[in-house]
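S.K.: Here it is, the structure in full.
Readers should treat all values here as calculations from the given coordinates under stated rules, not as data from a laboratory. The structure displayed is predicted, hence computed values, not measured ones. Cβ: placed from backbone, ideal geometry, glycine included. Neighbour counts: every protein chain shown.
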Amino acid sequence: MKSLITLTAILAMATTAAFAQDTDDDDDDNGFGLAGILSASNKEDLEPIQLGAGIPLTEAPWVLKSGKYYEFEIQGDGSQELALVGPEFFRAIWIDEIVVEGLEIRPLGVDSIEFDEAGEMEIGFVAIKPGSYYLKIPGSTGETQRLEITIE
């Protein structure tokens, strides 16, 4: 409960600070609209994660900026039942939503994601806590089955 309160306070302060910088109703100064850090001008799309037997998760590691909103897709090819784990990464971000077949899920937290068959999901989040993290296929040892993530 304490971390939820802390995260809520951080998001509120960041949004308030961004909005407080601009008092003349002109959003050109800070690039944020009324939605603060959730504004479209603060959003970036990341390379999709490919989830399939023997397929590299991504082409390159992710380097993220704290306070920026990101979206990425996970595309499972159904070749095998596969999961992604990365509890430390999921605790270092605030997940806005997970979208699966047009259904929006707004979780309080995530530990892992699993695909039992072919499908696609999209995750939108704000990077919060700087550090080094990963997402990986559990039980795998290959470098291509692990996505290195840095939040600056």
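S.K.: Between Arg106 and Lys65, what is the spin-label point distance in nm, taking each point 7 Å from the Cα along the Cα→C-beta axis?
M.R.: If labels sit at Arg106 and Lys65, their model points lie 2.6 nm apart.
S.K.: How much FRET efficiency would the formula 1/(1 + (r/R0)^6) give for Glu122 and Gln80, where r is the Cβ-Cβ distance and R0 is 30 Å, rounded to 0.05?
M.R.: Rounded to the nearest 0.05, the efficiency is 0.90.
S.K.: Now for a separate question. With the crude spin-label approximation of a point 7 Å out along Cα→Cβ, what separation in nm comes out for Lys129 versus Glu97?
M.R.: Inter-label distance under the simple model: 2.6 nm.
S.K.: What is segment 46-151's relative contact order, in percent, from Cα pairs under 8 angstrom and six or more apart in sequence?
M.R.: 36 percent
S.K.: I would also like to ask the following. Mind giving me the nanometre distance, one decimal, between the label points for Glu47 and Glu88, set 7 Å out from Cα along Cα→Cβ?
M.R.: 2.1 nm
S.K.: Distance between the C-alpha centers of segment 136-151 and segment 75-108? Whole Å please.
M.R.: Computed from Cα coordinates, the inter-centre distance equals 15 Å.
S.K.: Quick check: from the Cα gyration tensor, does segment 46-151 come out rounded (a/c under 1.5), prolate or oblate?
M.R.: Oblate shape, in that a/c is at least 1.5 and b/c is the bigger or equal ratio.
S.K.: Select from Gly102, Pro87, Ala53 the residue farthest towards the positive end of the dipole of segment 46-151; place +1 on Cβ of Lys and Arg, -1 on Cβ of Asp and Glu, and compute about the Cα centre.
M.R.: Most positive-ward Cα: Pro87.
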